[in-house]
Amino acid sequence: MKQKECSRQMVKARGSGALAAVSSVVALGTLFGGIASSQEVLPAPPPQFKGQIGLSAKDSKSDFPKPVQAPKGAPNIVLIILDDVGFGASSTFGGPCDTPTLDKLAKNGLRYTQFHTTAVSSPTRASLLTGRNHHSVHTGIIMETATGFPGYDSLMGKDTATVAEVLKQKGWNTAWFGKNHNVPDWQNSQAGPFDLWPTGLGFEKFYGFIGAETSQWRPAVFDGTKPVEPYLGNPDYNFDYNMADQAIEWVRNQKAVAPDKPFFLYYAPGATHSPHQPKKEWIAKYNGKFDQGWDKVREETLARQKKSGIIPANTQLTKRPEGFPAWRSLNAEQKELFAYMMQVYAGYLSQTDYNVGRVLDAIDKLGELDNTLVIYIVGDNGASGEGTVRGSLNEIAMINGIPEDYREMLKQKDDIGTWKTHNHYPVEWAHAMDAPFQWTKVIASHYGGTRNGMVISWPARIKNKGGIRTQWHHVIDIVPTILEATGLAQPSMVNGVAQKPIEGISMAYTYDHPKKPSERLTQYFEIAGNRGIYHDGWVACTTPHILPWDDASKIPPVDVISGYKWELYNVAKDFSEAINVADKYPDKLRELQLLFYAEAAKYNVLPLDDSTFARVDVSIRPSLTRGRTEFTYSGTVTRIPEGAAPNVKNRSFSITADVVLPKGGEQGVLVTQGGISAGYALMLEAGKPVFRYNFANIAHYSIAARDALKPGKHTLVFDFQYDGGGIGKGGTGTLSVDGKQVAKGRIDKTMPLRMSLDETFDVGEDTGTPVNLSYDVPFKFTGTIDKLVIKYTGDSKPSAADRKKMKAVEAKIKAD
């Protein structure tokens, strides 16, 4: 009834042009059930033929089926979601990072100050596109840590169709640009299947990357499902710019061909997830801007937030967690390094906002922005604390438990933000970017992990320009908001599959009613055992047991149910969750605890699981490599992700390559995995066989033949004998050609757990970044590879101590 009354008021509203068309669309949606589930089936049944059929064409009358058309005046939709941006980062929400595009959008639309995500990437994005809770769509955790329970298996069901699928079948063109962290870990190779890739989820166009992150300078990009390398031959390439160019081109082409057909554009930059890699000019804009340190920046942000009305005047700044050093306690070298890391991050966020602006400007120049609903979500979770308390220039070193010295990092200051580093600022900056809240990304129990700024603009409909909205909402409310704007009902069946009800509610009631009470009264949160529940102005939540920057091996496990302490906040009066009143109101705490478990049972949250090692272990999920000990390739094969590649870590192995050298002096990569952060490569350099191993870019090993090979057929063998005795140990490598040893050497340390999160296994050339700086990609092999075989020749079982280390390291992978 509320939605119907709202629609009647819209229809009666004065206005003309786009506003009148919009009003008719909203009214149409109300007549056919608004955002409620209807009996409509998609795709619609074939229409009845209304012509005539005789013995010949001249005796007959043709009747083409009418193409599907969106309602007249239906809006375009632009849905933007940034990555790892805290509530207090952007200038629009009081932060120190300039976001003029977001500022401009807010001045012409509405700022939402109580909008929430799930605390990590994949779950937020699954909820965003489906309008259901993340556990309801099988995405209770990121893809790489899926487990075999309905709420966590990472297999988004066909019974929860995306908003793109609905819009496509109702007459919108649909496109997805940027990050896709919603493909199951074992389905992200060229073997597919591809039904859970964007092109299988209702998007006609996809241009972006699969997974948590990618290099902005050397990204692993897909056009549809085809791997492409757009950076080759372009030294100034940056994915953030390329992605915007692609989106602009798509919109222009779409409107040139079908000017009356609306579009749905989902724009999901990899920014500001690590690595933080903007162009140099953006970094330079913040010279000296963070020399005052994270403590002062938090205080300055709080003051701006209060002055602009973003937060209540009585909001308290939450305390700095124990273990976070005060800025004044750092030495001069640490201050120089850490301030610059934040400077790079700020440039990254501003660059990203600039490129969002380029896309919106292109839409405006086409005359389409007035009737375009723009939803700009400033982060898929809170700011990321995965950089640890000391920051990092090599995430793979950090993930593998390999320490980085700040003095050595400072020596590489000029490389921070370039393709030569995989940089991440210290967690203390993440805490500052989440001001005024406590904690960070992954901590789903607290607003530091789940509160994100959001702006909605729709000039043809929203008239309270520059308004602030304080109603409490969640990411599952975006799809219902889009459906109400487009006048569509949720279909009862899509592609032959009955649909689960949408679990979010529309936010459209807030457009004209800034003071109206929130219509969302209850929402649970849960990620990796961190959990909480919001209900009618109160939050009950658990105290985090293991933090993303902790060494989990040093923290005794606790029972996931009885071992967690609970906190209670009256967020109707305590905006920042600064005052824990659990002891004062035990009955209220008990009430909300019971409500959490009721919601958990309802939405597939159970069983709760805060484990680390068990969830990261690839053997618990389907695998393309399980049980195989030999892998055969020929010619050129590229972009095989680590989960589908031979696993040569912690074992003896051999590489045998049958090659043809037509002239002599051939060069190039025979096989490689990883890149500048860590990896290995067997190659020919000026005709000489060489095996190179990169241990976290800390130590580089080379085993090379003295003489170049003569023209003709040759068999090259690299044999590695692992020392054993645990994980990450060394070994001896031997190079042979045609049965004769040509080189032998030691590799003292090897990567224990992971070569890379975003680089791949390649045969015949290299993609991404090189294993060392003696060459650059693609370094294609100039001979012919008839056959290349990798064979496991021995295993090393980890000791109890190594298993404990693996648990700690893999906890960091889970956090990312």
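The values are calculated or read from the model by the stated rules, or taken from the named source; none is laboratory data. Here the structure is a predicted model, which means the values were calculated and not measured. Because the Cβ atoms are built from the backbone with ideal geometry, glycine has one as well, and the counts that use them run over all protein chains shown. Just the protein is used for accessible areas: all its heavy atoms, side chains included, with ligands, DNA and RNA removed. Shrake-Rupley method; radii C 1.70, N 1.55, O 1.52, S 1.80 Å.
Observations, loosely collected:
- Residue in the stretch 702-721 that is under 31 Å from the mean Cα position of the chain (by Cα), buried (at least 19 other Cβ atoms within 10 Å of the Cβ) and more than 20 Å from Ile785 (Cα to Cα) present: no
- Counted residues, the stretch 306-320 - those being open to solvent by less than 40 Å² (accessible area, probe 1.4 Å) and touching a helix residue (DSSP H, G or I) at 6+ places or on another chain (Cβ under 7 Å): 3
- Qualifying residue in the stretch 454-470 (condition: more than 30 Å from Thr543 (Cβ to Cβ), aromatic (Phe, Trp, Tyr) and touching an Asp or Glu at 6+ places or on another chain (Cβ under 9 Å)): yes
- Any hit, the stretch 163-179, residues being open to solvent by less than 10 Å² (accessible area, probe 1.4 Å), more than 20 Å from the chain's Cα centre (by Cα) and over 17 Å from Ile478 (Cβ atoms): yes
- Qualifying residue in the stretch 257-279 (condition: in a helix (DSSP H, G or I), at pLDDT 95 or above and either touching a His at 6+ places or on another chain (Cβ under 9 Å) or of a type outside the set (A, V, I, L, M, F, W, C) (or both)): no
- Residue within the stretch 371-385 that is open to solvent by 10 Å² or more (accessible area, probe 1.4 Å) and assigned to a helix (DSSP H, G or I) present: yes
- Counting only residues that are farther than 30 Å from Val777 by Cα and touching a helix residue (DSSP H, G or I) at 6+ places or on another chain (Cβ under 7 Å), the stretch 416-430 holds 3 of them.
- Residues (touching a helix residue (DSSP H, G or I) at 6+ places or on another chain (Cβ under 7 Å) and modelled with pLDDT under 95) located in the stretch 535-566: Ile546, Pro548, Trp549, Asp551, Ala552, Ser553
- Filter result (within 17 Å of Gly675 (Cα to Cα) and either surrounded by fewer than 21 Cβ atoms within 10 Å (Cβ to Cβ) or over 19 Å from the mean Cα position of the chain (by Cα) (or both)) within the stretch 218-245: Glu229, Tyr231, Leu232
- Leu773 modelled with pLDDT under 95, open to solvent by 40 Å² or more (accessible area, probe 1.4 Å) and assigned to a loop (DSSP other than H, G, I, E, B): no
- Of the listed requirements (1) touching a Gly at 6+ places or on another chain (Cβ under 9 Å); (2) among the polar types (S, T, N, Q); (3) under 30 Å from Val763 (Cα atoms); (4) without any contact (Cβ under 8 Å) to a residue 40 or more places away in the chain, Thr638 misses just one: (4).
- Checking Gln114 against (1) at pLDDT 95 or above; (2) not in a strand (DSSP E or B), the condition it does not meet: (2)
- Filter result for Gly643 (open to solvent by 30 Å² or more (accessible area, probe 1.4 Å) and modelled with pLDDT under 95): yes
- The stretch 607-624, residues that are surrounded by 16 or more Cβ atoms within 10 Å (Cβ to Cβ) and more than 24 Å from the chain's Cα centre (by Cα): none
- Matching residues in the stretch 326-337 - criterion: being touching a residue at least 24 places away in the same chain (Cβ under 8 Å) and surrounded by fewer than 16 Cβ atoms within 10 Å (Cβ to Cβ): Ala326, Arg328, Glu333, Glu336
- Hey, Ile35 among the hydrophobic types (A, V, I, L, M, F, W, C), in contact with a Leu (Cβ under 8 Å, 6 or more places away or on another chain), at pLDDT 95 or above and open to solvent by less than 70 Å² (accessible area, probe 1.4 Å) or not: no
- The sole residue among Ala444, Ala435, Ala430, Ala460 that is in contact with a Gly (Cβ under 7 Å, 6 or more places away or on another chain) and over 21 Å from Met341 (Cα atoms) is Ala444.
- Among the residues of the stretch 552-599, those identified as over 26 Å from Gly453 (Cα atoms), open to solvent by 30 Å² or more (accessible area, probe 1.4 Å) and β-branched (Val, Ile, Thr) are Ile555, Val558, Ile561.
- Residue list for the stretch 191-207, restricted to those being farther than 14 Å from Val221 by Cβ and touching a residue at least 12 places away in the same chain (Cβ under 8 Å): Ala191, Gly192, Phe194, Leu196, Thr199, Leu201, Gly202, Phe203, Glu204
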